[in-house]
Amino acid sequence: MSVAIHGLPQALADAVADAFRADGMELGDDADTVVVGVETPSGVDLLDLSHESWDDAVAGARSAFFAMQQAARSIVARGNGGCLLVVVPVHALRTSRGCGPAAVVGSFLATAAQVAAVELGAKGIRVNVLAVGPLEGEVDPRTAEAVPLGRLTLPGDVGAACVMLAGPAAGYLSGTVLAVDGGYAVTKAVGGSPFAGG
């Protein structure tokens, strides 16, 4: 069993790789488990979003989509089935101010992953989405007050969730969107952060 990782921010990529190694999996290009993600812009309201920033966001979504497609083709060609995991920002589920581009890109990839789950299931490929909450070190620390579990998301949380979804215990899960956010997406603070100015 091997895993490949594409497009994740470095801290997440390292944590996901460490989690899979700890679970006995090797990193490799011809992998039966592939984790795909994208770095998305944040902190910009839609009225202030430049053409360049929007183009960058769309380019990131395109790159992640084709990485997912290529991974699926490789798994189908080997004929042994596999698992695709698509990592998106939690704003794909419910946005908040300044996160519009991340929400749009994440929603696109989450929907593409669910389409892939429908089309690839008969080929033995499971496809699931991880919607990652605000990461520690990347947002105002006070955001943790809006998280029911009382802290921000750590890269290790994402790695552990990836291992879980790739493992046999999740063998009947496909098309699922798992929020790895400590409950952030279900709080009333989401969609209108008490810390956003204006």
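The values are calculated or read from the model by the stated rules, or taken from the named source; none is laboratory data. Here the structure is a predicted model, which means the values were calculated and not measured. Virtual Cβ from ideal backbone geometry, glycine too; neighbours counted across all protein chains shown.
Of all residue pairs spaced 6 or more apart or on separate chains, none has beta-carbon atoms under 7 Å together with a first member in the stretch 157-170 that is farther than 14 Å from Ile5 by Cα and a second member that is at pLDDT below 95 and outside any helix (DSSP H, G or I).
Only one of the numbered conditions (1) surrounded by 14 or more Cβ atoms within 10 Å (Cβ to Cβ); (2) closer than 27 Å to Thr143 by Cβ is not met by Asp48, and that is (1).
For Asp30, the criteria (1) over 27 Å from Gly121 (Cβ atoms); (2) without any contact (Cβ under 8 Å) to a residue 60 or more places away in the chain hold in every case but one, which is (1). Restricting the first member to the stretch 51-78 and to residues that are surrounded by fewer than 16 Cβ atoms within 10 Å (Cβ to Cβ), and the second to residues that are of a type outside the set (Val, Ile, Thr), the beta-carbon pairs closer than 6 Å and six or more apart or on different chains are Ser53/Pro41; Val76/Lys123.
So is Val127 over 21 Å from Glu26 (Cα atoms) and among the β-branched types (Val, Ile, Thr) or not? Show your work before the answer.
On the way: over 21 Å from Glu26 (Cα atoms): no; among the β-branched types (Val, Ile, Thr): yes.
Spelling it out, it is not the case that Val127 is over 21 Å from Glu26 (Cα atoms) and among the β-branched types (Val, Ile, Thr).
Scanning the stretch 82-102 for residues that are over 19 Å from Gly182 (Cβ atoms) and at pLDDT below 95 gives Arg97, Gly98, Gly100, Pro101.
At least 2 residues being buried (at least 23 other Cβ atoms within 10 Å of the Cβ) is the threshold, and among the strands (runs of 3 or more DSSP E) wholly inside the stretch 79-198 those reaching it are 82-89, 125-132. Val76 - would you say it is over 29 Å from Val139 (Cβ atoms) and modelled with pLDDT of 95 or more? Considered against the rule, which asks whether it is over 29 Å from Val139 (Cβ atoms) and modelled with pLDDT of 95 or more, Val76 comes out as yes. Taken over the stretch 3-18, residues that are closer than 18 Å to Gly82 by Cα and small (Gly, Ala, Ser) amount to 2. Across the stretch 115-133, a minimum of one residue is classified as small (Gly, Ala, Ser), at pLDDT 95 or above and on the phi > 0 side of the Ramachandran plot.
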